[in-house]
Structures are given as structure tokens and as C-alpha cells.
Amino acid sequence: MTARRLLPLLLGVLAAVLLPTPAVAAPASALPGTLKIQMVPPIRGVVVTVDGNTARSDPKGLLRVRVRNFTGLDQRFTVVPTEVGPDRRVLLDRFRGSLDHGVHSRTVEVGLRTQRRVTWRYADRDGAPVPVERVTEMRLRSNTGEVIELTGGDLARPLWVAESRTQQGPRGLASKQLYYVVDTVMVDGTSVVNRAGHKFVPWERQDWLIELLFFKVSFTADDMFFAQRAGDGIRLTRADGRVQRLPFAADGTVLVPDLPRGTYTVTVLGGGVSFGRPVSISRDQQVTLSVISAVDLALVVLGVLGVAVGLVLVGRPALRRRLRIRLPRPAHQRTGRWRRPLRLGLGSALAVLLVAAVVGVVASRPARAAGGPAPATPASAPVPVFAHYYIWFNPTSWNRAKIDYPQLGRYSSDDIEIMRRHVRMAKAAGVTGFLVSWKHTPQLDDRLAKLVEVARAEDFRLGIVYQGLDFSRKPLPLATVRADLDLFATRYASDAVFDVFDKPVVIWNGSDRFTAAEVADTVRAARQRLLVLGAAKSTEEVAAYGTALDGHAYYWSSGDPVDGRTQNRLAAMSRAVHLHGGLWIAPVAPGYDARQLGGQREVARRDGETLRASFAAARLSQPDALGVISWNEFSENTHVEPSERFGVRYLEVLADLLGVDVDDDVAMDSQQEHDDHWGLPAWGAVVASGGVLAVLPLWVFLRRRRSPDGAAPPAQRGADHDDVEAPVDS
């Protein structure tokens, strides 16, 4: 009985001893599984390897690959550099988070850097191909700052360039497309492209056409004094030092059909004396040079000899008597009275000849080629002229609400070279400065700092439009406004770039959302270092704010100035602002079309007539400054920046209104130089030489008169002394 009871107990003990203990469940990260990956950008054919397994992404950029576990995948995961097409390859850029997060069946984002193979070809302005052998160097620059310099055989080979990279966004990884601009293309020692004038996006285009600035130039030579052709040809010295001799055709001209833009030294061959002269080529033009022929030289020599002989005869009475030459003088004029006028006459002649020599040298500038105006110098406008300028643009900004685009391409406001070209174009058109739209963010702070640097280098002025509204057009808190104005004043209040009035100008966009007391309290400290203007839209608003602000700048681009009411409205605003001693900035706009933003109103440009009418109305309002709306507001289509749709038309109209003859090549080329090249033209050389030759005998003559050998006897000297104060008969 006891044995029966003990048997189950014994069997239980044996089972516990002999049977294995159940294992504790392993964590999911230590178990095999499938890693799900989303490629950014979504590209087909990307190859990855992990734990000896290989997978390739599908057309949507998705792939799945087996892994032995999810621990330390970052060290075992590899994106194989792969050519996913004939002209594209991919490299690993970054992960979002960690690959180990895929343990919970989550899809992990893997960012890719893509490269594209691009080719290019060169053409002149008429589209004719230019052999690559003529190019000695090309420099490309990406919007990320990468510089690629190509020389020799590399100019003819395809090039792999970075096409995109990824960046962390609020919703995950995002692919950012890169673009490239052409900084220089060197031909014959000079660059034949406008810097940053060509922009290429490898993602969109892999065959680049680069237009080179070649021009048709005709050279002729004329006699300096006589209206006739002269010379046998020209000697053309290029920027790289290469010399070319070109004979004149039967019509007395030599045509160079493909001369690269640049400055050349040109000398006329044969027919007399010709001095090498620098000639700047920036358009199709005809250049006329001067030659000093043998006849010209003979005339000059005879003239100089005549002056010299006359001076010798004046100073040698004995020689005159021997030659029976008598100088006429009044019978009553005594010897002493004759000598004083003679000394005065000689001094005057010497001064005239010296002035002639100086004029000859000063006039020795290179002849400006026919067919183009001289470099324009902006006329001083009665009041400063600003253009509203926006630094918000990213490459993706151009994908929304745009019907026109800049000629410079769909740029990013990070590009300092774009800023430099904008400043130079605006300055060439007579614009005093930009009113920069800004508020305190890291990105906009950086862009403003770059623009200040450019403006300082170009002697250009800036003001600020403080954007006191957020993206939803709601006003920023007053504490934020106060802090931002203080930050700006601390950084820039003493910077000469903002020196237009007695203090830097800041226009507070959004001030009309607050009471006069709130505004006054917010800007009280800032007004000690800044001129803070409001953006009132009516005389009632101006009166309501009184002296709480330093004036107002009316941002009114949607009014039609042709209907006649604009002038009265601006005049009333001006009176209201000036009544309180404020600064008044009147608006000028070329037209308006915000229908892409959901608006209904359009003001036609009328080929510049709208801009002219707006400018006239603004000027009649007696402004302290003009505010052109705008330089680059492409969403509301108020831009005057050269664009694909309008070209340089509105920059030219603005320049004409400001009294400036703007050169399109200068305005569109930030690399254009305006240094004054000094040389000696033919007639300048003749005048200078003649002056020097005439001065020499004059100097000898005066020295002889003052020497002891040529002095008068004591009695005669005394007579002369007695008559010094006597009046001279006229």
C-alpha cells in the first residue's frame, strides 16, 4: 500500500530531474526577420546586402531583405554603389533613425545620394556650334558650394555630378535636388559667359547647352586729320597674349565674326604711326581707330618749328635786324613797357601749351567702339529709390503659384552669387538699394548677413521690411517684435550699408494690427537707433498712429495708376504722414496679378506704361523715398527683375525713368568689369608731343633772358624798374 503511494511521487521526481526546463522567450530583436526599407528618393534597382542576403528595390523604391536579427544592423547593412541606369548611380547618404527600428515591422527610410552623368556642348549666340578645342577651362559651381574645374581632355568627356542629397524634414527624409551654374568658360584668356547666367538641374536635364558670348566686330582706321581710310590692317592682341595680324579688305575694313567678349589691344599696321589701344568688346560693333600719317606728322613738325623760330626771333633783336624783321609796337611804347607784356605773353603761352599737353593725356582714353553707349553711370535721383527684395526663395518655391521665372534660373536665396548679380543689375538701373523682407529666423539671418556683405562690397544700400506676420497672416507677438528689432539694431544699426537717412529704416509690416499705444511701447527702445515706419493703408490709419512711428511706407501694388485716382490717394497719404513729421515712402509698381494665389485682381503692365504712370504719381506725392514693388515678387507678378516672360524690359523702363542708360550686357553680367583703361590715342599723342616740343624752346628762351649774358645794361635795367608800376597801354 505504501509502495503504491510512493510510486507517483517517485515518477514525478524522476521527470523533474530528467526532463529539460522550458526556455525563456527570446526578445524580438534577437530573432530572424524581414527588414522593410523605403528608398528616398524612390528609385528602382538599388542593391542592398545584409547578412549575406541581397535585395533590390522595386519601382516604388521599396525592398524587403531577410536578416538574422535586428541588433547592430547599421554595421551589417550596405547599399552597394549601383548604376541604376545608363546615366545615374546611387550611394548611401543617411538613415532616418536606426535600422534596428525595423524589428517591429516598421518601414525604415534610407536616404540616397544620387549622381548623374552629364554632357555639354557649346554654341554661339546664333546657335552655331563652337568647337570644344577653343575652350581652355570651365568652372561649375553647385548650390551647395562645390566647385568643379575642368581643363584639357576633361572638357570633352561626360562628367558625373551630384544630382541630389537627402535632408531631415518634419515628416521624414526628403530628397533635395541640386543645381549647377557656370561661373567661367575661358576662350583666348577671357571668360565668355555671364557668371551664373547658365543654370542646370541634373535631375531634369543631362545634355547642357552653354551659350558663349562671341561677337561680330568690324575694324576700320581713319587718318587723324583727314577724312580718309588709313593703314593696311590691324594687330590684335588677345587677353592671353596671342597676337593676330589681320589685313584690311578692299573696303578698308576687317571683320572678325567670332570675337570672344573681353578687352583687346588693337594697333593699326602701315600708313603712319598708331598706338596700341585697349578696346572692350561686349556686343556686335564697329571699331574705328586713328592713324597719324606722314602728312599729319609734317603738319605738327612745321607748327612746332614755327613756334620755336618765332620765339627765337622774339628774343634776338640783333637777329631780327640782320633778317630785317621788325616786330610791330606802338611808337610811344618804351622799352620797359614792351618787355612786361612780352613776359606776360610768354607766361600765358607756356600755360596754354602745358594745358594742351595735359588735355592730350587726359583725353587718352580708349576709343569707344561704335554701336554701343558708354558705360552708364546712374543719375542721381532727387530721392532715394528702393526696390522691395525677397530672400525667401528655395528651389521648391518656384513650383507654386508662378507663371514667370527669373532669367537667372529658379534660384535659391542662399546663393550669394545670385545676390551679387541682383545688386549689380539694380545698381546699373539707378536703384539706390533694396528693402529686404526679413524676420528673425536662422535661415533668414544667414541670408541677410550674406546680402549685407554683398551690398557693402558693391557700395549699395539696404533697408528692412520686418515681416511681423506669420504664414497665416496672423501678427507676431509684440514681445517677439520687440526682441527682433533689438537684435537687428544691435547687429546693424551702425553699419554703413543701412546709412541712407540718419538711421537705418525698418518698415514694420503688421503694425496696423495693434493700437497706437501698443505700437509706441513696442518700438520705443528701437527708435533710439532705428527709423521704424508703419505700413498704413489710409490717411485715417496714419492719423491714428500719429507720432508713435517715424513714418509710413505704403505697400500698394494692386492699384491701377492709369485710372487717375492713384495720384490723389498718394498725395493725401503724403500730406498725412508729413503732417506728423514722418518719413513717406511712396509705392511704384509695374503691374499686378495674384490670381495664382487665389486673388481676382489683375493690373496689366501695358508694356511699361503702368510703371511710368505709377512712377509719375509717386513722384508727385513729394516722397522722401520711392519703394518699387518689387524686385522679385514673382507670385504677385510685380517683379522688375529680368524674367523669362518679359526679359529686361521693365528694368530698362525703370532705368529710363531714373535717367540712366542701362547697358543690358552690364546689367545681366555680374562679372563685367568697368575699370578705366588708360592709353594714348593718336590725336592725344600729337597734342601732348606738340606741347612738350613747344615748351622746350620756351624754357630755353626764358632761361636766356634771365641769365647774366642776356641781361640789360644797368641804366636800362633801372629804367625798366622805374616803369614796372606804370600802367600798360591796352
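The values are calculated or read from the model by the stated rules, or taken from the named source; none is laboratory data. This one's a predicted model, so the numbers in the text were calculated from it and none came from an experiment. All Cβ positions, even for glycine, are placed from backbone atoms using ideal geometry, and neighbour counts span all protein chains on display. For the accessible areas, the whole protein counts, side chains as well, though only heavy atoms, and no ligand, DNA or RNA atoms are used. Shrake-Rupley method; radii C 1.70, N 1.55, O 1.52, S 1.80 Å.
Quick look at the numbers
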| quantity | calculated |
| --- | --- |
| Fully extended contour minus Cα-Cα distance, from Gln167 to Asp502, at 0.36 nm per residue | 116.2 nm |
| Long pairs among Lys60/Lys474; Lys474/Lys503; Lys36/Lys439; Lys176/Lys402, criterion Cα-Cα beyond 32 Å | Lys60/Lys474; Lys36/Lys439 |
| Over region 208-313, relative contact order from alpha-carbon pairs under 8 Å, at least 6 apart, % | 32 percent |
| Within region 246-284, backbone nitrogen closer than 19 Å to the virtual label 7 Å beyond the Cα of Ala294 toward Cβ | 268-275 |
| Positive-end extreme of charge dipole, region 385-466 - chosen from Trp392, Tyr405, Val423 (charges on Cβ) | Tyr405 |
| Descending Cα extents along the principal axes, region 90-247, whole Å | 95, 30, 25 |
| Rounded to the nearest 20 debye, dipole of region 123-200 from Cβ charges on Lys, Arg, Asp, Glu | 500 debye |
| Taking region 388-483 and dividing mean pair separation by its residue count, relative contact order in percent (alpha carbons under 8 Å, at least six apart) | 28 percent |
| Solvent-accessible area of Phe70 with every protein chain in place, 1.4 Å probe, in Å² to the nearest 10 | 10 Å² |
| Mean Cα-pair separation over length for region 139-241, i.e. relative contact order, pairs under 8 Å, 6 or more apart, % | 21 percent |
| Dipole magnitude of region 436-576 about its Cα centre (Cβ charges: Lys, Arg +1; Asp, Glu -1), debye to nearest 20 | 180 debye |
| Region 547-594 - Rg and Dmax from Cα coordinates, angstrom | 11.9, 34 |
| Under 17 Å from Lys450, Cα to Cα: aspartates and glutamates that are on another chain or at least 8 residues apart | Asp414, Asp415, Glu417, Glu458, Asp459, Asp495 |
| Listed residue (Val217, Val268, His198) projecting farthest to the positive dipole end of region 189-307, Cβ model | His198 |
| Global geometry of region 65-169, whether rounded, prolate or oblate, following the gyration tensor of its Cα atoms and the 1.5 cut on a/c | prolate |
| Label-point separation, Asp207 to Ala174 (7 Å along Cα→Cβ), nm | 3.3 nm |
| Sites Val80 and Leu246 - FRET efficiency at Förster radius 60 Å, r taken between beta-carbons, to 0.05 | 0.55 |
| Spatial extent of region 61-127: Rg and Dmax, with the Cα atoms as the point set, Å | 18.3, 64 |
| Globularity ratio of region 464-510, using Cα Rg and 2.2 N^0.38 Å | 1.24 |
| Potential lengthening between Val383 and Leu597 on full extension [0.36 nm per residue; Cα-Cα distance subtracted] | 73.7 nm |
